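Presented below is the structure to which this report refers.
The values are calculated or read from the model by the stated rules, or taken from the named source; none is laboratory data. On a predicted model such as this, the values are computed, not experimentally measured, just so you know. Please note: Cβ atoms are built from the backbone with ideal geometry, for glycine as well, and neighbour counts cover all protein chains shown.
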């Protein structure tokens, strides 16, 4: 019964004034901003690597991944450390830079709608659903689809370096 409840829990965070969420089951931890070490010739939205208890974790900028401009870092800027499942089934731990992290919310199926079809030119396969809570829309992200297969391979190599 506890596992079913966890599947309905989402960690909410803000990017550019909008509300997003990911399943709590995918989150390892939330960190205050740590300046990543840049990697030359890497993906445009790969900010670099951070050291988390002796392990190199690649950090992506969700603003850049969503096609938004960079924002000045604030004391609310956070890194969500999460697991994503790669195409081969292996897990990759990454950090995702967000403007701020809010809270864990429970959303049942009645509060979720299918992701809207946005046309063929918009790359939004990573939108899992749209949640509704307290008259607000929450974009639910499928973290396993936030990166394409070749991008996860590049992040895997970055983490191993």
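Across segment 19-45, which residue is nearest to residue 70 (Cα to Cα) among those that are out of contact with any strand residue (DSSP E or B) (no Cβ under 7 Å at 6 or more places or on another chain) and modelled with pLDDT of 90 or more?
If we take residues in segment 19-45 being out of contact with any strand residue (DSSP E or B) (no Cβ under 7 Å at 6 or more places or on another chain) and modelled with pLDDT of 90 or more, then 35 is nearest to residue 70 (Cα to Cα).
Give, as residue ranges, the strands (runs of 3 or more DSSP E) completely inside segment 49-161 that count at least 1 residues that are under 15 Å from the mean Cα position of the chain (by Cα) and surrounded by 16 or more Cβ atoms within 10 Å (Cβ to Cβ).
55-61, 78-85, 91-98, 100-106, 127-133, 136-141
Output the residue which, of all residues in segment 30-48 that are free of Cβ contacts under 8 Å to residues at least 60 places away in the same chain and surrounded by 11 or more Cβ atoms within 10 Å (Cβ to Cβ), is nearest to residue 150 (Cα to Cα).
Here the answer is 45.
When segment 24-42 is examined, which residues are found to be more than 23 Å from residue 11 (Cβ to Cβ) and in a strand (DSSP E or B)?
37
Is it the case that some residue within segment 116-139 is more than 12 Å from residue 20 (Cβ to Cβ), in contact with a helix residue (DSSP H, G or I) (Cβ under 8 Å, 6 or more places away or on another chain) and free of Cβ contacts under 8 Å to residues at least 12 places away in the same chain?
no
Does at least one position in segment 46-65 carry a residue that is over 22 Å from residue 10 (Cβ atoms) and at pLDDT below 90?
Taking every residue of segment 46-65 in turn, at least one turns out to be over 22 Å from residue 10 (Cβ atoms) and at pLDDT below 90.
Can you confirm whether residue 7 is modelled with pLDDT under 90 and either closer than 26 Å to residue 157 by Cα or buried (at least 20 other Cβ atoms within 10 Å of the Cβ) (or both)?
So residue 7 does not fit the description; no.
Within segment 58-67, take every residue that is in contact (Cβ under 8 Å) with a residue 24 or more places away in the chain and out of contact with any helix residue (DSSP H, G or I) (no Cβ under 9 Å at 6 or more places or on another chain) and give me the one that is nearest to residue 155 (Cα to Cα).
Of everything passing the filter in segment 58-67, 59 is nearest to residue 155 (Cα to Cα).
Could you list, ordered by first residue, the pairs with Cβ atoms under 6 Å in which the first is in segment 68-86 and on the phi > 0 side of the Ramachandran plot and in contact (Cβ under 8 Å) with a residue 60 or more places away in the chain and the second is surrounded by 14 or more Cβ atoms within 10 Å (Cβ to Cβ) and in a strand (DSSP E or B), at least 6 apart or interchain?
Here the result reads none, with nothing in segment 68-86 linked to a residue that is surrounded by 14 or more Cβ atoms within 10 Å (Cβ to Cβ) and in a strand (DSSP E or B).
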